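Trainee: Dropping the structure in here first, questions after.
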Amino acid sequence: MNVIETARAHARDVVAPSVERWEREGRFPRAAVEAAAAGGLCGLFAPPEAGGQGLTFAEGMGVFEELGRADASYAFALSMHNAVTTVLTRYASVEVRERWAGPLTSGRALGGFSLTEPHAGSDAAAITTRAKPDGAGGYLLSGRKAWVSLAGEVDVFALVCRSGDGPGYGDVMVVALAADQPGVRVARLYDKMASAFLPIGELELDGARVSAAEVIAPPGAGFQAALGAIDVARVDIAAISVGLAAEALELALRHAAMRRMFAGVELDLQAIQFALADVETDVIAGRLLYQRAAGLLGGPGGAVAAAHAKRFCPDAALRAAITCSETLGAYGWLNDTPLPRFIALAKMLQVVDGTTEIQRVVIARDLRRRATGLVGEGPDRQRR
Ligand SMILES: Cc1cc2nc3c(=O)[nH]c(=O)nc-3n(C[C@H](O)[C@H](O)[C@H](O)COP(=O)(O)OP(=O)(O)OC[C@H]3O[C@@H](n4cnc5c(N)ncnc54)[C@H](O)[C@@H]3O)c2cc1C
């Protein structure tokens, strides 16, 4: 089985049958993550010598579409874990790699990414969590992080902080922060619209220690490094969104093909056919967008391609979840189907790893660069 088939089987056999129980119990399923790791799903992009699969983003991104068919928040947790595993196994010091590569790729340890703060979401350069030199080459961290996914479950964070109070992002840095130490405390857990089993909350840092070896990107390099990781995460979210939309469409098709009405079945109605045709177009377009972005990540055009995919796919997933729920009539409102959960999860996908508006900001910035070139060409073009 290749890794995409493994993800399909994991989503179908492990996640889909259990997710309602996970929601009821409100506990993160670490055993499921270890099962995913046994199939290589916890170190997709980590090098083989670190226990990973060594895949390119283009080769591995389909995993998130498959996982997104079963549950977007479980898929998101694995996406974040993979992003942190990739960063720690590719870019961290030998000491950090030796400590974390095995536990992370085997799923025994969970990785988390922490950038957002209560006052700094889209405006990420406004973070204030401070890293003060400890006199031995390391740092002591203080501040408060918000929207920390897997809060209380994460073993190691890739955490974004700053070494000074200067404006902008010149002193932003990224560190590997072990979660089980004094000075790291989950201060609050959020009560959310969905995903009861995925704890998300706030983290208080009060003198938490990182050594010199645990600095992944030093002051000055941290902001770009964090943005690089977020670009990958945006494509993951786009792929998860396509999985959600594709699954919603299958549910709706199955229902409409069987639901008898007006001497035929619901799928005989052209209005229903057209609504589902639009969902299918969105699924195909979304898949092309995330696959294209996955191929460009890390190179020129990668960030903008990621923004296009993240701008389009979660909105398409929400449209799909609503349309497909309507196809089921009143039954679409029942928790017997995953559609109410899918609607809530599509809302989450629109926000996480940068909102839809922020993707438009990234795309518009690129368009303005292009416009500058066009203005230069203006008179020539007019003369032609
Ligand atoms: C389920 C979930 C899990 C998350 N997990 C993590 C995590 O693990 N780690 C982490 O670091 N973060 C995490 N986040 C945080 C997420 O990345 C932020 O919520 C997101 O970046 C938006 O920030 P904000 O919520 O503070 O909104 P704000 O930045 O306050 O934005 C409010 C509104 O203003 C709009 N807006 C902002 N700027 C502009 C602009 N320039 N032009 C037009 N409109 C604009 C936004 O689109 C939004 O609609 C998570 C969020 C969610 C929902």
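The values are calculated or read from the model by the stated rules, or taken from the named source; none is laboratory data. Not measured: the values here are computed from a predicted model. As a convention, Cβ positions derive from the backbone with ideal geometry for all residues, glycine included, and neighbour counts pool all protein chains shown. Areas reflect the complete protein model, heavy atoms only, side chains present, ligands, DNA and RNA absent. Shrake-Rupley method; radii C 1.70, N 1.55, O 1.52, S 1.80 Å.
Trainee: Counting residues in the range 43-142 as N, plug N into 2.2 N^0.38 Å and put the Cα Rg over that result.
Mentor: 1.25
Trainee: Pick from Arg69, Arg369, Arg260 the residue whose mean-square fluctuation is largest in a GNM of the chain, springs joining Cα atoms under 10 Å.
Mentor: Looking only at Arg69, Arg369, Arg260, the biggest GNM fluctuation is shown by Arg369.
Trainee: Let me ask you something else. Roughly speaking, what is the stretch gain from Arg27 to Ala126, that is 0.36 nm per residue apart minus the C-alpha to C-alpha distance, in nm to one decimal?
Mentor: Once the chain is fully extended between Arg27 and Ala126, it gains 32.4 nm.
Trainee: How high is the relative contact order of the chain, in percent, counting Cα pairs under 8 Å that sit 6 or more residues apart?
Mentor: Normalised by residue count, the contact order of the chain is 15 percent.
Trainee: Lysines near Lys192 by alpha-carbon distance under 16 Å, same-chain residues fewer than 8 away left out - which ones?
Mentor: Within the straight-line limit of under 16 Å, Lys192 reaches these lysines: Lys347.
Trainee: For the range 47-61, in order, what is each residue's ³J(HN,Hα) by Karplus, 6.51 cos²θ - 1.76 cosθ + 1.60 with θ = phi - 60°, in whole Hz (x at glycine and Pro)?
Mentor: Each residue's phi maps through the Karplus curve to give x, x, 5, 9, x, x, 8, x, 7, 7, 4, 5, 6, x, 5 Hz.
Trainee: Something else: Enter the accessible area of Ser142 (Å², nearest 10), with the probe set to 1.4 Å and all protein chains included.
Mentor: Estimated to the nearest 10 Å², Ser142 gives 40 Å².
Trainee: Here's another thing I want to ask about it. Can you order the peptides 218-229, 342-353 by their average number of other Cβ atoms within 10 Å per residue, highest first?
Mentor: 342-353, 218-229
Trainee: For Lys145, Lys132, what's the largest-to-smallest order of accessible area, 1.4 Å probe?
Mentor: Order by accessible area, largest first: Lys132, Lys145.
Trainee: Here is a follow-up. Any chance you could look up the accessible area of Val375 with a 1.4 Å probe, heavy atoms only, rounded to 10 Å²?
Mentor: The accessible area comes out at roughly 110 Å².
Trainee: Among Tyr169, Tyr91, what's the order by accessible area (1.4 angstrom probe), most exposed first?
Mentor: Highest to lowest solvent-accessible surface, that is Tyr91, Tyr169.
Trainee: For Lys132, go through the aspartates and glutamates and keep the ones whose alpha-carbon is under 15 Å away, minus same-chain ones fewer than eight residues off.
Mentor: Reachable aspartates and glutamates: Asp165, Asp171, Asp206, Glu214.
Trainee: Would you mind working out the accessible area per residue for the chain, using a 1.4 Å probe, and quoting it in Å²?
Mentor: Per-residue value: 45 Å².
Trainee: Just how much of His81 is accessible, in Å², when a 1.4 Å probe is used and the result is rounded to the nearest 10?
Mentor: Probe radius 1.4 Å; accessible area of His81 about 0 Å².
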